[in-house]
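The values are calculated or read from the model by the stated rules, or taken from the named source; none is laboratory data. Note that the coordinates shown come from a computational prediction; the quantities given were computed from them, not determined experimentally. Ideal geometry is used to build each Cβ from the backbone, glycine not excepted, and the neighbour counts take in all protein chains shown. When the accessible area is computed, the model is the full protein with side chains, heavy atoms only, and any ligands, DNA or RNA have been set aside. Shrake-Rupley method; radii C 1.70, N 1.55, O 1.52, S 1.80 Å.
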Amino acid sequence: MKYWNDKTRTLLLFVLAFLIYGFGVGRGFDFDDPICISQNPLLSKPGAFYDFWFTSAAPNYYPLYWSLLKVQWMMWGMYPPAYHLVNLLVHCVNCVLVWRIAREWRLPGAWWVAALFAVHPVNVQTVAWAAEQKNTWSFLFMALALLAFVRYARDRRAAQYFLSLFWFATALAAKPSTIFLPVFLSAFYLFSPGKRALLLRLIPYYVLCVASGLTTLWFERNRSESFSLLSSLSLWKRMETAGADFWFYLGKALFPVGLTPMYRGWVDTTAAASTVFPGLLLVALLLCCALFWRRIGAPVAAGIVYYALMLFPLLGVFDTNYFTLSLIADHWQYHALPGLLVAVVAALQQVALRWPRLAAYPNAVGATAVAGLTVLASMHFAHFENPATLWSHVVTKNPEAWEGWYNLGNIFAEDHEPAKAIYAYRKSITFRPHYYRSHYNLANLLFDKGDIAGAEREYFAAEKVNLQEPSGHNNRAVALLKLGNEDDAIVEFAAALKFDSSLTQAKINLIELLLKHGRPKEAENYLEQIGPLSSSNATRIAEAIAMSAKSGSASAPDLRHFAQRAHELYADDPALTAALATLAAPPSAVHQAESTFN
């Protein structure tokens, strides 16, 4: 066809992707987007590029990804559509690269592989969330590395080799999910002519992989604090889980229906078979590809091996922060999916060669598959319209998704629907009772509702989970005050200030309580830490001095010393000056000063 050329094919790949995702470019941030972009203080920090590359300031060592976000922040600030558009455009370029690589390898149906990748529903998570630029950028650089290496293996031009090595390093710097690419290249070229030279050329790739892998593991342990349920499992049990994970992923890739960010049974390991059978079946599949690739067909075997290897780092053998939410995530298939699509297209071609009638309309078969996946992807993408629709979809598909219930609780609280928010937080606690934020947010709502006893119980539950969170101690102290339990309130205010000495109101509350309980020496320690004092807080301290003097709970010299120190620190405040004067005045003057405060 005259107009069916490379430009037309490239344009059509862009059209297919925009047909699904173009309508969502104007959406806001969701899920990890605020953490990575809108609420990320590093993006607005001077010298952020240095922090990304040479410090552990960022939660993950994805320095190129963070740097690219910083560049975008410098260009358009916190404007969500721009980030979504960049993510979509990079996805479109990735589709073109999939086509070019498949064509370079002379794989059957190369363009159809790219078209299927462009519209496949499991890629919706990657394109829908702006923060998943880490996926699209790392895929882009990985694809460029692979394309350059394929050309080097064919032409043996040194420039292509060093270009490939450079692109692979940038892919790892964007996101180390590409770490198993050299393993696939080793397996692929193991049976090719001149394999020794090619395999030796891959040694620098492995060096980069080891460095990236060790760095990532350190960050996951020490910065992201990745301690999911998998951390408690033996390596053997993790391998069993990995086998079950693979077959679940394969099923969703081949039959992409009922997709959700968090699948039922996969929030923990309950859905993973406690048997070696899935893992053994995976090993048998890979052995068949290695031993019988001529009979199976090289494209089919290579596609399956690529799919399995690229998935391997995310199958649960190594712990990662996301595993605290779910052991399965569709966006982890993004790098691996092209391999499976190559295998499927190649297998269909082999079937068509055996039954010529099926080969009569190959474009019709391809167009039907693309159209069907486009419909499924569009329907799934509709769930990502806003946070409320997304998390409602999640808990509908998986009522045990504690993260979904927690996020719904936040949404309802922001929308001033406390009853729904309380219900959502309670559901979240049901499925993950040791999550601090669910207890803490629920306690705040109960407190505002007037259920002080219930709020105090939830603050206490939150405190047991996270003893070092100052706001939990502070808010529980306020609740205890409401309940009249002043002794425990003193302990909680002191604990809050131990972890965050900048809580001014906690200091004022603690000073009031200590003066009331006859402990002005302790109160003076906190007085020294206050810093600038507002007139309203000065009045509260003055009233506490007067009440302590009236009740006689504190010794007169200690209380006078406290008042004198308060006057020295804040000599210009009339309330503290008057409070000091009452302690040196006769009883009638004291009563007159108290009536002034009251």
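Before moving on, here are some points about what is shown:
- Selection from region 318-377 of residues that are assigned to a helix (DSSP H, G or I), crowded, with 17+ Cβ neighbours inside 10 Å and among the charged types (D, E, K, R): 330
- On the stretch given as region 41-71, residues that are buried (at least 18 other Cβ atoms within 10 Å of the Cβ), within 20 Å of residue 127 (Cα to Cα) and not hydroxyl-bearing (Ser, Thr, Tyr) total 5.
- Residue pairs whose Cβ atoms lie under 7 Å apart, sitting 6 or more positions apart in sequence or on different chains, and linking a residue in region 555-579 that is assigned to a helix (DSSP H, G or I) to a partner that is at pLDDT 85 or above and surrounded by fewer than 15 Cβ atoms within 10 Å (Cβ to Cβ), are 558/521.
- Residue pairs meeting the criteria (Cβ under 7 Å; at least 6 apart or on separate chains; first surrounded by fewer than 17 Cβ atoms within 10 Å (Cβ to Cβ), in region 72-101; second of a type in the set (Phe, Trp, Tyr)): 82/76
- Qualifying residue in region 421-439 (condition: closer than 30 Å to residue 511 by Cα, buried (at least 23 other Cβ atoms within 10 Å of the Cβ) and of a type outside the set (Lys, Arg)): yes
- Selection status of residue 5, more than 24 Å from residue 141 (Cβ to Cβ) and of a type outside the set (Lys, Arg): yes
- Condition met for residue 418 (open to solvent by 30 Å² or more (accessible area, probe 1.4 Å), at pLDDT below 90 and closer than 21 Å to residue 396 by Cα): no
- Complete set of residues in region 140-188 that are open to solvent by 20 Å² or more (accessible area, probe 1.4 Å) and among the charged types (D, E, K, R): 151, 154, 155, 156, 157
- Within region 170-190, considering residues that are outside any helix (DSSP H, G or I) and in contact (Cβ under 8 Å) with a residue 40 or more places away in the chain, the one farthest from residue 290 (Cα to Cα): 175
- Any hit, region 456-464, residues being open to solvent by 60 Å² or more (accessible area, probe 1.4 Å), modelled with pLDDT under 85 and closer than 30 Å to residue 435 by Cα: yes
- Near pairs, Cβ below 8 angstrom, 6+ apart or cross-chain, from region 494-516 (farther than 12 Å from residue 481 by Cβ) to any residue that is surrounded by fewer than 20 Cβ atoms within 10 Å (Cβ to Cβ) and aromatic (Phe, Trp, Tyr): 497/526; 507/526; 511/526; 514/526
- Yes/no for residue 105 being within 30 Å of residue 353 (Cα to Cα) and open to solvent by 40 Å² or more (accessible area, probe 1.4 Å): yes
- Residue in region 215-228 that is within 19 Å of the chain's Cα centre (by Cα), charged (D, E, K, R) and at pLDDT 90 or above present: no
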